[in-house]
1. Tell me, what is the per residue accessible area of region 42-101 in Å², probe radius 1.4 Å?
2. Ordering Met198, Met140 by how much accessible area each has at a 1.4 Å probe, largest first, what is the list?
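The values are calculated or read from the model by the stated rules, or taken from the named source; none is laboratory data. Since the model is a prediction, treat every value here as computed from it, not as a measurement. Surface areas here come from the heavy atoms of the whole protein model, side chains and all, with no ligands, DNA or RNA. Shrake-Rupley method; radii C 1.70, N 1.55, O 1.52, S 1.80 Å.
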Amino acid sequence: MRLAGRLMRAAGEQDDAGLGRQTPRLAEFDALRLRYGGWQDTPEDAIGAEECVRILLDEGLWWAACAEAVRHDAARLRDWTTASCWAAEVVDGESGDDAAGRRTLAVARLAAGPADEDTLRAVAADWEAARVLPGSADAMVALQLHLLRGDVRRGRRSRIGVLFDALTDGWTGVAGVVLEMEVVPGGPPGLFPDPRVMPTFTADADFQRGPGHRLGAARPPW
């Protein structure tokens, strides 16, 4: 889990191909669409669904495109829901989480404009079902709204080592990882996976209780 990253802000221009306003990550997003759809002039640059999902999720392009659409091209968010969105569909179909793309898009639509209480509750319910790390689903949604709108200034960061019991392909042992953590000033209280780079993260009840209990009792490293 990491609460770190970069949110880009830039003025947009109208794209001649009718793809909407072109801020840096939205331009990258549209280029990926052409590569994945096989519409580009150089077929050797075409990619399949697995590589497309790696770029959208592991490299954070899906989140970044939603964030730029929130700030510069809200019409895209309306179109993506009305006419479906190729990225949400490929993420949901190939990531192993059949709602990850839709959940991110739903929060982005909330960030772009007013929403009624029923819509807000429905979005929070989807994140509750996703079993995110400790903290209520309402807080997870609030954090994402905070990040998507760009209401963030750089916070203090720290790295800590964590050991986990691991069971993989019949092997039992201990796995060590380094978690990068950042305080998000003005965000909701709690410990969360960074939705910009971990939108498909899930945790069972024991895992949710464990980190929350231990980190809540420990002295913060900053």
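1. For region 42-101, the per-residue accessible area is 43 Å².
2. The ordering from most to least exposed comes out as Met198, Met140.
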